[in-house]
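The next block holds one structure in the form of structure tokens; read it before the comments.
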């Protein structure tokens, strides 16, 4: 594993353990060149998934991008990181178990919407405002009027 600090190609694993939700292995590593320590995560990937965007653009599925979107919607909501990781892992499992090599960005967005709806109503509305491209305050009002208070919010 390449060191993120000095780019040396070799590092030594100092500790390995499963994450709390058992969906990944957390490894503490130490660079053999500069001695810096860093953490990596190893996850199961059933197949390569391609996301079909609007306009038929295609790009590889990126879990980090999904994590970033969920984290942004949940920012300052007091939701435990473990719950966010479980949500993202659940969505990734759904995508992989569809059995398809391609999935639409719209389908992923709907999965995120459903997960956030059950987790936190404010995060749900935040995500919806970007995903559904709200352009006026009235859009927020209309959507928020349809949301029941669930999850933490």
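The values are calculated or read from the model by the stated rules, or taken from the named source; none is laboratory data. Model, not experiment: these values are computed from the prediction. So basically every Cβ, Gly included, is an ideal-geometry build from the backbone, and we count neighbours across all protein chains shown.
Going through (1) assigned by TED's automatic domain parsing to the domain that holds residue 123; (2) surrounded by 11 or more Cβ atoms within 10 Å (Cβ to Cβ) one by one, residue 16 falls short only on (1). In the set 109, 90, which member is in the same structural domain as residue 140 (by TED's automatic domain parsing) and more than 29 Å from residue 1 (Cα to Cα)? Result: 109 is the single residue among 109, 90 that is in the same structural domain as residue 140 (by TED's automatic domain parsing) and more than 29 Å from residue 1 (Cα to Cα). Which one of 123, 128 is part of a helix (DSSP H, G or I) and closer than 27 Å to residue 57 by Cα? None of the other options fit; the residue is 128. Every condition in (1) surrounded by 12 or more Cβ atoms within 10 Å (Cβ to Cβ); (2) under 30 Å from residue 4 (Cα atoms) holds for residue 81 except the one numbered (1).
Here's the yes/no breakdown for (1) modelled with pLDDT of 90 or more; (2) closer than 13 Å to residue 51 by Cβ:
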residue	(1), (2)
74	yes, no
87	yes, no
105	yes, yes
130	no, no
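Look at region 107-130: where a residue is on the phi > 0 side of the Ramachandran plot, no partner that is assigned to a helix (DSSP H, G or I) sits 6+ places away or on another chain with Cβ atoms under 7 Å.
Yes or no, residue by residue, for (1) in contact (Cβ under 8 Å) with a residue 12 or more places away in the chain; (2) loosely packed, with under 12 Cβ neighbours inside 10 Å:
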{"position": "37", "(1), (2)": "yes, no"}
{"position": "43", "(1), (2)": "yes, yes"}
{"position": "50", "(1), (2)": "yes, no"}
{"position": "55", "(1), (2)": "no, yes"}
{"position": "58", "(1), (2)": "yes, yes"}
{"position": "61", "(1), (2)": "yes, no"}
{"position": "66", "(1), (2)": "yes, no"}
{"position": "70", "(1), (2)": "yes, no"}
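For residue 82, the criteria (1) in a helix (DSSP H, G or I); (2) at pLDDT 90 or above hold in every case but one, which is (2). Just wondering, is there one or more residues in region 24-32 that are in contact with a strand residue (DSSP E or B) (Cβ under 9 Å, 6 or more places away or on another chain), surrounded by fewer than 14 Cβ atoms within 10 Å (Cβ to Cβ) and not assigned by TED's automatic domain parsing to the domain that holds residue 127? Looking through region 24-32, at least one residue is in contact with a strand residue (DSSP E or B) (Cβ under 9 Å, 6 or more places away or on another chain), surrounded by fewer than 14 Cβ atoms within 10 Å (Cβ to Cβ) and not assigned by TED's automatic domain parsing to the domain that holds residue 127. Consider residue 15 carefully, then state whether it is free of Cβ contacts under 8 Å to residues at least 60 places away in the same chain, more than 30 Å from residue 132 (Cβ to Cβ) and part of a loop (DSSP other than H, G, I, E, B). Taking the combined requirement at face value, the residue does not satisfy it. Based on this model, can you work out whether residue 71 counts as touching a strand residue (DSSP E or B) at 6+ places or on another chain (Cβ under 8 Å) and not assigned by TED's automatic domain parsing to the domain that holds residue 23? Against the criterion (touching a strand residue (DSSP E or B) at 6+ places or on another chain (Cβ under 8 Å) and not assigned by TED's automatic domain parsing to the domain that holds residue 23), residue 71 does not qualify.
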